[in-house]
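Q: This is the structure I want to talk about, given as structure tokens.
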Amino acid sequence: MRKFILKTTTTLAAAAVSVSMAHAGDVEVLHWWTSGGEAAALNVLKQDLEGQGTGWNDMPVAGGGGESAMTVLRARVTSGNPPTAVQMLGFDILDWAKEDALADLNAVAVKEGWDDVIPEALQAFAKHDGQWVSAPVNVHSTNWVWANKAVLDANGIAIPANWEEFEAALETLAAAGVTPVAHGGQAWQDATVFDAVAMSAGGPEFYKAAFIDLDEEALGSDTMVESFRRMEVIRGHVDDNFSGRDWNLATAMVINGEAGFQMMGDWAKGEFLNAGKVPGEDFLCFRFPGTEDQVTFNADQFAMFDQGGKVSAEQAALATAILSPSFQSAFNVVKGSVPARTDVSDEAFDACGKQGMKDLAAAAASGNLYGSMAHGHAAPAAVKNAIYDVITAHFNGEYDAATAALELVDAVSIAK
Amino acid sequence: MATPAADADFKTKLQTWVPKLVLSPSLALMLVFVYGFILFSVYLSFTDSRILPSYGWVGFENYDKLFRLRHWDIAVNNLIVFAALYIIICSVIGLMLAIFLDQKIRGESVLRPIFLYPMALSFIVTGTAWKWFLDPGIGLEHTMHLWGWESFHFDWIKNRDYAIYTVVLAAVWQSSGFVMAMFLAGLRGIDNEMLKAAQMDGATNFQLYRRIIIPQLRPAFLSAFVILSHLAIKSYDLVVALTGGGPGRATEVPATFMYSYTFTRNQMGIGASSSVIMLMTIVAIMVPYLYSELREKN
Amino acid sequence: MSAGSTDTAVRTGRITRTALYLVLLLFALFYLLPFAIMVINSVKPLSEITGGNMMALPQDWTFEPWVKAWATAQIGVDPTGLKPYFWNSIKMVVPAVAISTILGALNGYVLTKWRFKYDTLIFGFMLFACFIPFQIVLIPMARILGLAGLAGSTPGLVLVHVVYGLGFTTLYFKNYYQVFPTELVRAAQIDGAGFFRIFWRLLLPSSGPIIVVSVIWQFTNIWNDFLFGASFADFDSQPMTVALNNLVQSSTGVKEYNVHFAGAILAALPTLLVYIVAGRYFVRGLMAGSVKG
């Protein structure tokens, strides 16, 4: 029996080695883009690489906005068998860079001139100690409001310019028997709304102090209490059945005219377009009232994992392909986001996309571009989730606004 | 050349060693992959590990943080409520169905697999169906409204005070059939002569069950308890598929807590300390049980 | 199950019997409902699902969702459907179930028929292993698989599942063999039969029911596992549950519930099949095994 086991193990080990040998020359990509549109966009990249003779080994793990994929990644890195490239967000990239797990892409970056075309705020998440470690695919901005134009017109609502007008619009819709806000009660969605609400209530300095610098005074301030109070207003205008709903189902409510507004990142646009709706005619997109000059962003990137000390030719090819203007344009038109390079033509984009690119450039130039807390671009995962806990507990009625602010200070201090 | 006696001696010796050799690979696997890992986890719970294991000693800091987290309290309370209800309800339903099925029921061979099959499905599979069914907007409540029962109201899954009970409901659905099978097996093993004798003495059915049959099912109760508590402690995909820990964090349990702190929150130290607490609880419950069980058998 | 064992001494009246049947049928309904919802909605076009009643029968029967889930649904970059992953799962489940059952049988045999000092303690240790939370296993396991050269491979997954199934299979076989007459083993020993010969000739032929229990338990657990499958598999060894998760959890676009349900049923078919085919022996196996002390 033992001999048998030993023999099998040796054979199996030999087989495993021969399998991994066969992978040389291919890239293995861990990602969570598994829905039709996203996969189609990624397929552009795959074909591009295959045209250059580099095979694409697909390793999709969907779920929880990449949470499952990050767990898998940890197991893969620990086992000494990391994927070539991994879709990643914000602080996760920096955390892995700190573990010395990522490859140095400086050679590619210099050759392709990344430093000149990628906004600084974004570089902060793609570089570690002056060293490029990942290739940004896109920039999403998260402080958008999506609205059904017919519903707004029928109730005589114009695009609200500030919080008070927005609150009034919600009241009008509620009186008319329409669900004012389409929302999905999941922690990250609650936090996405909170991002915009806090930015609007306290302005960019407050946002930065609270979520980026994690300043205790800002976290417990009256402005924070006011932000929570405004969340209660929004909570009062969602339907009874919001808890646990997926974001795209909430978007569908706006598309169908069951609801007036949804606060969601620019990926929601894809849902409207898929439903055959035209921006400006059927639906409206505008910045959350009071945050017209700011852009809170998150960016999908592909971090390259160290394959034994140097960047492989395949990784260089993949990184180059990701940041090629043609891919940046093709991918982002489909995804609803805007290119990570500022020098890509906006010709292929629709009205919302063009505005998004303009807003991004303007915000980057005026210092109004901030990482989104809800999407892991303001604070590391531990802090982000601690903030989630408080926001979602408050949104579900466990705390009042004042208690929530106190809890926030406490939660952040434990997580730091 | 060996004498026949020495040969026989060698053979006996070999015979005493073979069983231990056969057992040793399993034992070695267990020592490394279970007890080794437990020790590793205990060690990690005293370190500053975040995204990957790291070895900076921080003493009891992680435990201190753990007990300050309201989130952990909620998870522990939920597990207590969930495990108690789940184990009790499963046992009651399982026992009841087993007794009923044991009454020479026609169609037993059809009913039995129907009661059993949920155990074969993973919650990744049935979670969606349950979520639908419980969702007031599309599920039972909606259907009742369509059928004309307008006042029907069932929104537990959306209510943070009641959501944990929907988790119990789905969990009972999944495993009560399995418990039924265990009790049924126990019932079928009971000696009928004894029952007939008791009946002669004028015992009613109720007395028969209370006094003679149910006490004899003790081993089945204990096996059911082990399997059910194992399932209750590990219930992870159930919660994730059904409520995602929500509304808010109202249905978080220790399994989801451990997972999220270890893997999504990059606070591996706190995750490890929570798993150590869980393990200690399991030890406190299981060791006395295993001890009494195994000692009796000897 | 002996011939007389279904015969119970308890007698019931007509009214009681009607009530019995009623309760049993109600429970059958309760158990069937979620699965019925899945089946009904997997043969509806999407428009009927989003617009209508989840319990209503389809007006337009369609098997397209099934075809789509199996062959053309988007799982990753390529629209491969669940098909390729199905075989990955089979390649993992079959050896894992076989090895853990064989080892469990041998362990049970040793622990009951070849007793030695501290054997009960060893059994206790193995049994306690059933309760280890999988969350603490992940990272150290990954490291060991990496060191053993088994990372991201089917053999690695097999090893993982064997290790964490051993406690259960050992428990089942130990309890089963406990009631097997030890005198027979001693007699065979005196006749000069060795360790493996006794196992092969004497115990194994009567182990059918408990093998069924062990296979059902292991097959179900391993087939349905997601965490290990996602973490320890490579792009070419991902099991079906991971693919199903990718199908169901995709975050954008229209949710094709009918395809999700069809995929979910497809992913569950092998375990259902095992339960239906082997279920008859299941209670018999439990009866002889895990519940009798």
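Q: Could you check the stretch B:22-48 and list, in sequence order, the residues that are among the hydroxyl-bearing types (Ser, Thr, Tyr), surrounded by 17 or more Cβ atoms within 10 Å (Cβ to Cβ) and in a helix (DSSP H, G or I)?
A: Residues satisfying the conditions are B:Ser26, B:Ser41.
Q: So, C:Gly194, is that one within 26 Å of B:Ser223 (Cα to Cα) and either within 10 Å of chain B (Cβ to nearest Cβ) or under 20 Å from the mean Cα position of the chain (by Cα) (or both) or not?
A: So C:Gly194 does not fit the description; no.
Q: Could you tell me which numbered condition A:Phe272 fails, if it satisfies all but one of (1) part of a loop (DSSP other than H, G, I, E, B); (2) more than 29 Å from A:Val27 (Cα to Cα); (3) touching a Pro at 6+ places or on another chain (Cβ under 9 Å)?
A: (1)
Q: A further question follows. Among the residues of the stretch C:51-72 satisfying the criterion of being within 14 Å of chain B (Cβ to nearest Cβ) and exposed (fewer than 14 other Cβ atoms within 10 Å of the Cβ), which is modelled with the lowest pLDDT?
A: C:Gly51
Q: A further question on this structure: How many of the residues in the stretch B:135-158 are closer than 18 Å to B:Leu238 by Cβ and either in contact (Cβ under 8 Å) with a residue 60 or more places away in the chain or not in a helix (DSSP H, G or I) (or both)?
A: The number of residues fulfilling the criteria is 4.
Q: Taking the condition more than 8 Å from chain B (Cβ to nearest Cβ), buried (at least 24 other Cβ atoms within 10 Å of the Cβ) and over 14 Å from B:Ala120 (Cα atoms), does C:Gln238 pass?
A: It is true that C:Gln238 is more than 8 Å from chain B (Cβ to nearest Cβ), buried (at least 24 other Cβ atoms within 10 Å of the Cβ) and over 14 Å from B:Ala120 (Cα atoms).
Q: Is there any pair linking a residue in the stretch A:48-70 that is facing chain C (nearest Cβ under 9 Å) to one that is hydroxyl-bearing (Ser, Thr, Tyr), with Cβ under 8 Å and at least six apart or on different chains, and which?
A: Every condition considered, the pairs that remain are A:Pro60/A:Thr34; A:Val61/A:Ser68; A:Ala62/A:Thr34; A:Ala62/A:Ser68; A:Ala62/C:Ser250; A:Ala62/C:Ser251; A:Gly64/B:Thr264; A:Gly65/C:Ser251.
Q: Then there is this: At positive phi and either over 17 Å from the mean Cα position of the chain (by Cα) or modelled with pLDDT under 90 (or both): does that describe A:Gly353?
A: Values: at positive phi: no; either over 17 Å from the mean Cα position of the chain (by Cα) or modelled with pLDDT under 90 (or both): yes.
The answer is no for A:Gly353.
Q: Here's another thing I want to ask about it. At pLDDT 95 or above and basic (Lys, Arg): does that describe A:Arg245?
A: So A:Arg245 fails the test.
Q: Now a separate question. Scan the stretch B:215-234 and give yes if some residue there is in a helix (DSSP H, G or I), in contact with a helix residue (DSSP H, G or I) (Cβ under 9 Å, 6 or more places away or on another chain) and within 14 Å of chain A (Cβ to nearest Cβ), otherwise no.
A: No, there is no match, as no residue in the stretch B:215-234 is in a helix (DSSP H, G or I), in contact with a helix residue (DSSP H, G or I) (Cβ under 9 Å, 6 or more places away or on another chain) and within 14 Å of chain A (Cβ to nearest Cβ).
Q: Kindly indicate whether any position in the stretch B:61-80 is among the basic types (Lys, Arg), within 13 Å of chain C (Cβ to nearest Cβ) and in a helix (DSSP H, G or I).
A: No, that holds for no residue.
Q: In addition: If we keep just the residues of the stretch A:42-69 that are polar (S, T, N, Q) and in a helix (DSSP H, G or I), which is surrounded by the most Cβ atoms within 10 Å (Cβ to Cβ)? Show your work before the answer.
A: Initial filter on the stretch A:42-69 (polar (S, T, N, Q)): A:43, A:47, A:52, A:54, A:57, A:68.
Of the ones still in play, those that are also in a helix (DSSP H, G or I) are A:43, A:47, A:68.
Numbers: A:Asn43: 17, A:Gln47: 12, A:Ser68: 24.
Among them, the one singled out is A:Ser68.
Q: Taking only pairs six or more apart or across chains, which ones have beta-carbon atoms under 6 Å, a first residue in the stretch C:75-99 that is touching a residue at least 12 places away in the same chain (Cβ under 8 Å) and under 25 Å from C:Ser214 (Cβ atoms), and a second residue that is aromatic (Phe, Trp, Tyr) and part of a helix (DSSP H, G or I)?
A: That search, which allows pairs on different chains as well, returns C:Val93/C:Trp223; C:Val97/C:Phe219.
Q: Right, something else. Which fully enclosed helices (runs of 4 or more DSSP H) of the stretch C:202-254 have 3 or more residues being modelled with pLDDT under 90 and aliphatic (A, V, I, L, M)?
A: Of the helices (runs of 4 or more DSSP H) lying wholly inside the stretch C:202-254, those with at least 3 residues that are modelled with pLDDT under 90 and aliphatic (A, V, I, L, M) span C:208-224, C:240-249.
Q: I'm checking my understanding of the structure. Among residues of the stretch A:128-147 that are closer than 22 Å to A:Ser324 by Cβ and not in a strand (DSSP E or B), which one is nearest to the chain's Cα centre (by Cα)?
A: Filtering the stretch A:128-147 for residues that are closer than 22 Å to A:Ser324 by Cβ and not in a strand (DSSP E or B), the one nearest to the chain's Cα centre (by Cα) comes out as A:Val137.
Q: Can you name the residue in the stretch C:241-284 that is under 16 Å from A:Thr34 (Cβ atoms) and of a type in the set (D, E, K, R) and, of all such residues, is farthest from the other protein chains (Cβ to nearest Cβ)?
A: Selected residue: C:Glu256.
Q: Right, something else. Mind checking which pairs have a first residue in the stretch A:346-368 that is outside the structural domain of A:Leu284 (by TED's automatic domain parsing) and a second that is among the β-branched types (Val, Ile, Thr) and in a helix (DSSP H, G or I), Cβ under 7 Å, 6 or more apart or different chains?
A: As it stands, the answer is A:Ala348/A:Val333; A:Phe349/A:Val333; A:Gly353/A:Val333, since those pairs meet every condition given.
Q: What do you reckon, is B:Gly189 closer than 17 Å to B:Leu97 by Cα, at pLDDT 80 or above and not aromatic (Phe, Trp, Tyr)?
A: Judged against the criteria, B:Gly189 is not a match.
Q: Continuing with the same structure: Give A:Ala268, A:Ala196, A:Ala187, A:Ala175 a once-over and let me know the one that is more than 27 Å from C:Gln249 (Cα to Cα) and among the aliphatic types (A, V, I, L, M).
A: Being more than 27 Å from C:Gln249 (Cα to Cα) and among the aliphatic types (A, V, I, L, M) holds for just one of A:Ala268, A:Ala196, A:Ala187, A:Ala175, which is A:Ala175.
Q: Looking only at the stretch B:220-234, decide whether some residue is crowded, with 24+ Cβ neighbours inside 10 Å and among the hydroxyl-bearing types (Ser, Thr, Tyr).
A: yes
Q: So is C:Ser47 among the hydroxyl-bearing types (Ser, Thr, Tyr), more than 25 Å from the chain's Cα centre (by Cα) and at pLDDT below 80 or not?
A: No: the conditions fail for C:Ser47.
Q: Let me ask something else about it. Does the stretch A:307-351 hold any residues that are charged (D, E, K, R) and not in a loop (DSSP other than H, G, I, E, B), and which are they?
A: A:Glu314, A:Lys335
Q: Here is a further query. Name the one entry in C:Val259, C:Val254 that is over 22 Å from the mean Cα position of the chain (by Cα), surrounded by fewer than 21 Cβ atoms within 10 Å (Cβ to Cβ), β-branched (Val, Ile, Thr) and within 30 Å of C:Gly76 (Cβ to Cβ).
A: Only one candidate qualifies: C:Val254.
Q: Does any residue of the stretch C:38-45 turn out to be charged (D, E, K, R) and either part of a helix (DSSP H, G or I) or farther than 24 Å from B:Met144 by Cβ (or both)?
A: Within the stretch C:38-45, none of the residues are charged (D, E, K, R) and either part of a helix (DSSP H, G or I) or farther than 24 Å from B:Met144 by Cβ (or both).
Q: Within the stretch A:375-412, which residues are within 20 Å of the chain's Cα centre (by Cα), within 14 Å of chain B (Cβ to nearest Cβ) and among the hydrophobic types (A, V, I, L, M, F, W, C)?
A: Matches in the stretch A:375-412: A:Ala379, A:Ala381, A:Ala382, A:Val383, A:Ala386, A:Ile387, A:Ile391.
Q: Please list, ordered by residue number, the helices (runs of 4 or more DSSP H) wholly in the stretch A:148-241 having 2 or more residues that are crowded, with 16+ Cβ neighbours inside 10 Å and of a type in the set (Lys, Arg).
A: A:222-235
Q: Let me ask another. Looking at this structure, is A:Ala415 of a type in the set (Gly, Ala, Ser), within 12 Å of another protein chain (Cβ to nearest Cβ) and within 18 Å of A:Asn298 (Cα to Cα)?
A: no
Q: Scan C:Phe199, C:Phe228 and give me the residue that is facing chain B (nearest Cβ under 10 Å) and touching a residue at least 40 places away in the same chain (Cβ under 8 Å).
A: After ruling out the rest, the residue left standing is C:Phe199.
Q: Mind listing whichever residues of the stretch B:269-293 are closer than 15 Å to B:Phe225 by Cβ and not polar (S, T, N, Q)?
A: If the condition is that a residue be closer than 15 Å to B:Phe225 by Cβ and not polar (S, T, N, Q), then B:Ile282, B:Ala284, B:Ile285, B:Met286, B:Val287, B:Pro288, B:Tyr289, B:Leu290, B:Tyr291, B:Glu293 are the ones that fit.
Q: In the stretch A:295-306, how many residues are part of a loop (DSSP other than H, G, I, E, B) and crowded, with 24+ Cβ neighbours inside 10 Å?
A: Of the residues in that region, 1 qualify.
The values are calculated or read from the model by the stated rules, or taken from the named source; none is laboratory data. It should be emphasised that the depicted structure is a prediction, and the values quoted were computed from it without experimental measurement. Glycine gets a Cβ as well: all are built from the backbone with ideal geometry, and neighbour counts include every protein chain shown.
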